[in-house]
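Engineer: Have a look at this one before I ask anything.
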Amino acid sequence: MALPEGLQSQGEYKVCKLLKSLYGLKQASMQRNIKLTDALQATNYIQIYVDDFLITGNNGRLVDQAKQILHKNFKVKYLGELKYFLGIEVLRSQKGILLNQRKYTLELISDVGLSGAKPVNTHLEVNAKFTTIDYDAYVGGITNPIFTDITSYQKLIGRLIYLTITRPDISFVVQVLSQFMQQPKVSHWEATLRLVRYFKGSPSQDILLKNSPCTQLTVYCDNNWAACPNTRRSVTGYIVNLGNSLISWK
């Protein structure tokens, strides 16, 4: 039987190698997930290898049971207490758990080629406004060339989006720059590089999840009326605290 693209035969078994991470698959379109499912169903015997698997909870007995069930049905290696997971470093103190992406950030700076660049103190230039190609054509008088290396822009924005997991301080600027992934301009690329230079002076921002018991949710939100220059829509932001621990933001 001819195997679908991406499948390799190994004796009586057929092994499917995932070219995308599990995080990437979770964020992928429905069409891509359907293709993956069809490819898996096309073989009789499949082995799936998962590099990282995290089990967490507040009931130690249930966690142990879950590990036993996995070990019984799969070949699992227990790596001990969580310290580093998918680019996120986990540190423990008497106050709680600290999450940061310092190593991920330093690798990002190096990969972009800005290890020797000077750091900047702000994410964006003061009063910076970013517009689309269509907006420039409609208004007229705005001359800013298109950035031709769209793939590099998209990859860098994707890495920055992942970095917002522990850095609410960059959430707004990353959200703004991600709107131009289909038709970026040179000014958008320069702003993205400026953000990477900002990381040189601040390679990590820790998120503290306090160990004090609390069940109270507190939400803060803000709205900037008609702030988007391209659509004239409002810009809204919010943060969610569980007790004194920041758990969600946008």
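The values are calculated or read from the model by the stated rules, or taken from the named source; none is laboratory data. Everything quoted here is computed from the prediction, not taken from an experiment. Using ideal geometry, Cβ is built from the backbone for each residue, glycine included, and neighbour counts are taken over all protein chains shown. Only protein heavy atoms, including side chains, enter the accessible area calculation; ligands, DNA and RNA are left aside. Shrake-Rupley method; radii C 1.70, N 1.55, O 1.52, S 1.80 Å.
Engineer: What are the residues in segment 185-236 that are free of Cβ contacts under 8 Å to residues at least 12 places away in the same chain and either among the acidic types (Asp, Glu) or assigned to a strand (DSSP E or B) (or both), if any?
Structural biologist: Answer for segment 185-236, where residues must be free of Cβ contacts under 8 Å to residues at least 12 places away in the same chain and either among the acidic types (Asp, Glu) or assigned to a strand (DSSP E or B) (or both): just GLU190.
Engineer: Next up: Within segment 197-229, how many residues turn out to be of a type outside the set (Phe, Trp, Tyr), under 16 Å from PHE172 (Cβ atoms) and open to solvent by 80 Å² or more (accessible area, probe 1.4 Å)?
Structural biologist: Within segment 197-229, residues that are of a type outside the set (Phe, Trp, Tyr), under 16 Å from PHE172 (Cβ atoms) and open to solvent by 80 Å² or more (accessible area, probe 1.4 Å) number 4.
Engineer: Separate question: Could you grab the pairs with beta carbons closer than 8 Å, sequence gap of 6+ or different chains, first residue in segment 59-88 and more than 30 Å from ARG159 (Cβ to Cβ) and at pLDDT 85 or above, second one of a type in the set (A, V, I, L, M, F, W, C) and not in a helix (DSSP H, G or I)?
Structural biologist: Between residues of segment 59-88 that are more than 30 Å from ARG159 (Cβ to Cβ) and at pLDDT 85 or above and residues that are of a type in the set (A, V, I, L, M, F, W, C) and not in a helix (DSSP H, G or I), the close pairs are VAL63/ILE55; ALA66/ILE55; LYS67/ILE55; LYS67/VAL76.
Engineer: Next question. Would you mind stating whether THR166 is of a type in the set (S, T, N, Q), surrounded by 18 or more Cβ atoms within 10 Å (Cβ to Cβ), closer than 27 Å to CYS221 by Cβ and touching a helix residue (DSSP H, G or I) at 6+ places or on another chain (Cβ under 7 Å)?
Structural biologist: No: the conditions fail for THR166.
Engineer: Another question about this same structure. How many of the residues in segment 90-144 are acidic (Asp, Glu), open to solvent by 60 Å² or more (accessible area, probe 1.4 Å) and either free of Cβ contacts under 8 Å to residues at least 12 places away in the same chain or not in a loop (DSSP other than H, G, I, E, B) (or both)? It would help to see each step written out before you state the result.
Structural biologist: Of all residues in segment 90-144, those acidic (Asp, Glu) come to 107, 111, 125, 134, 136.
Add one more test, that the residue is open to solvent by 60 Å² or more (accessible area, probe 1.4 Å), and what stays is 107, 111, 125, 134.
Imposing the further condition that a residue be either free of Cβ contacts under 8 Å to residues at least 12 places away in the same chain or not in a loop (DSSP other than H, G, I, E, B) (or both) reduces the set to 107, 111, 134.
Adding up the residues that qualify gives 3.
Engineer: Just to be sure, is THR143 polar (S, T, N, Q) and modelled with pLDDT of 90 or more?
Structural biologist: no
Engineer: Name the residue that is most open to solvent (accessible area, probe 1.4 Å), counting only residues in segment 145-159 that are outside any loop (DSSP other than H, G, I, E, B) and in contact (Cβ under 8 Å) with a residue 40 or more places away in the chain.
Structural biologist: Residue satisfying both the conditions and the ranking: ILE146.
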